[in-house]
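This report concerns only the one structure given below.
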Amino acid sequence: MRFITFLIIIFFLSACQKDANPTNRIDYTQIKIYDSIQASRKIESIVKPYRNKIKSEMNKALAYSPQSLYKTDGSLNTPISNLMADAVLKMSAPIFKNRQQKEIDAVLLNYGGIRAGINKGKVSVRTAYNIMPFENNVVIAELKASSVHKMIDYLVKAKKAHPIAGLQIRLNENGALQSANIDNQPIHENETYYIATSDYLFNGGDNMKFFKEAVSSYDIDYKLRNLFIDYFLEQDTLQVIQDDRFIQK
C-alpha cells in the first residue's frame, strides 16, 4: 500500500514538473490559396449580399470633378492639395467655433498623405477612401508665433505641395522666404494661432516636430475621410483652384 502511495506521489510530481516547463515549440501548417480553388457556395451565399451592399455604398456618387486632379500637377501648390486643405478648413471651422468659440487660422496636411488622385467625372465614396485610406482625425493645435515660424521654415525647406489653407508663403527667385502671412496678415509675435492638421502630423509624423510645441490641442473627433465625404456631398461640382497661396517669383 505504501509502495502504491509512493508511486502516485512520484507520478503527481512528474506531471507538475512537466506543466511547469511547457515547450516553446509551435507547430504550423502552411496552406496555399490559389485562384483555381473553387469558392464555397454556402460561404458565397452569406458574403455576397454584404459585398454587394458595400460596393453600392462605395460607388455612390457624391460630386463631379471637371478634370483629373493629381498631386504632381504643380510644385508648391496643386488643385488637389488646395482642395483637401480648403475642405478641412470649411468643414472643421464651424465645429471648432461651436465647441471652443475660437477660429481656425490655418490648415496643414502633408503631401505624402495624398494617396491617390481624383479622376475626371464622378466623385464617389470610394474616391474619399482612395485619397485618404487612413483612420486619421482632425486635430487643432494652438501654436505660438515661434512655432508657426518653424512650420513655415519647414514648408520653405521642403518645397512640396503640402496641402495648406489660410497661409500665404512667397519665395524669392533663389527659393528663400520672402514673406509669410496668415489670413493675409503678418504673424504677430505675441499671439497664438490655431492650426488644423491630422493627429498623425500632430504627433510628429513627417518630421513636423513643431507641433510638439503646441500650447494646447483639440481633437474634434472627425475623421479626415469622413470630412472629405461630407465636403464632396456639399459641393456638387469640385472647384479646381491653383492659386498664389504658396509661390516662388
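No value in this document is a laboratory result; all are computed from the given coordinates. In this text the structure is predicted, and so the values were computed from the model without any measurement. Every residue, glycine among them, receives a Cβ derived from its backbone with ideal geometry; neighbour counts consider all protein chains shown.
Where residues in segment 100-115 are surrounded by fewer than 19 Cβ atoms within 10 Å (Cβ to Cβ) and in a loop (DSSP other than H, G, I, E, B), which of them is nearest to the chain's Cα centre (by Cα)? Applying the filter and picking the extreme gives Arg115.
A Cβ distance below 8 Å, combined with a sequence gap of six or more or placement on separate chains, defines the contacts here; from segment 95-113, residues that are free of Cβ contacts under 8 Å to residues at least 24 places away in the same chain reach residues that are part of a loop (DSSP other than H, G, I, E, B) and surrounded by fewer than 22 Cβ atoms within 10 Å (Cβ to Cβ) in the pairs Lys97/Glu103.
Restricting attention to segment 118-157, the residues that are closer than 15 Å to Ala63 by Cβ and either touching a strand residue (DSSP E or B) at 6+ places or on another chain (Cβ under 6 Å) or polar (S, T, N, Q) (or both) total 8.
The lone criterion from (1) of a type outside the set (Asp, Glu); (2) surrounded by 20 or more Cβ atoms within 10 Å (Cβ to Cβ); (3) touching a residue at least 40 places away in the same chain (Cβ under 8 Å); (4) more than 30 Å from Gly121 (Cβ to Cβ) left unmet by Leu224 is number (4). Checking each residue in segment 204-221 for being within 30 Å of Lys122 (Cβ to Cβ) and either surrounded by 18 or more Cβ atoms within 10 Å (Cβ to Cβ) or hydrophobic (A, V, I, L, M, F, W, C) (or both) picks out only Ile220. One residue alone among Asn119, Asn172, Asn136, Asn130 is in contact (Cβ under 8 Å) with a residue 24 or more places away in the chain, in contact with a Lys or Arg (Cβ under 8 Å, 6 or more places away or on another chain), among the polar types (S, T, N, Q) and within 28 Å of Gln235 (Cβ to Cβ), and that residue is Asn136. When Val156 is tested against (1) closer than 20 Å to Asp206 by Cβ; (2) more than 24 Å from the chain's Cα centre (by Cα), only condition (2) is not met. Checking every residue in segment 220-228 against the condition of being over 28 Å from Tyr70 (Cβ atoms), in contact with a Lys or Arg (Cβ under 6 Å, 6 or more places away or on another chain) and not in a loop (DSSP other than H, G, I, E, B) gives zero matches. None of Asn184, Asn190 is surrounded by fewer than 16 Cβ atoms within 10 Å (Cβ to Cβ), of a type outside the set (Gly, Ala, Ser) and within 20 Å of Asp86 (Cβ to Cβ) except Asn184. Here Lys159 meets each of (1) out of contact with any Leu (no Cβ under 7 Å at 6 or more places or on another chain); (2) surrounded by fewer than 15 Cβ atoms within 10 Å (Cβ to Cβ); (3) in contact (Cβ under 8 Å) with a residue 12 or more places away in the chain; (4) not β-branched (Val, Ile, Thr) with one exception, condition (1). If the condition is being farther than 30 Å from Ile114 by Cβ and in a loop (DSSP other than H, G, I, E, B), then segment 41-73 contributes no residue at all.
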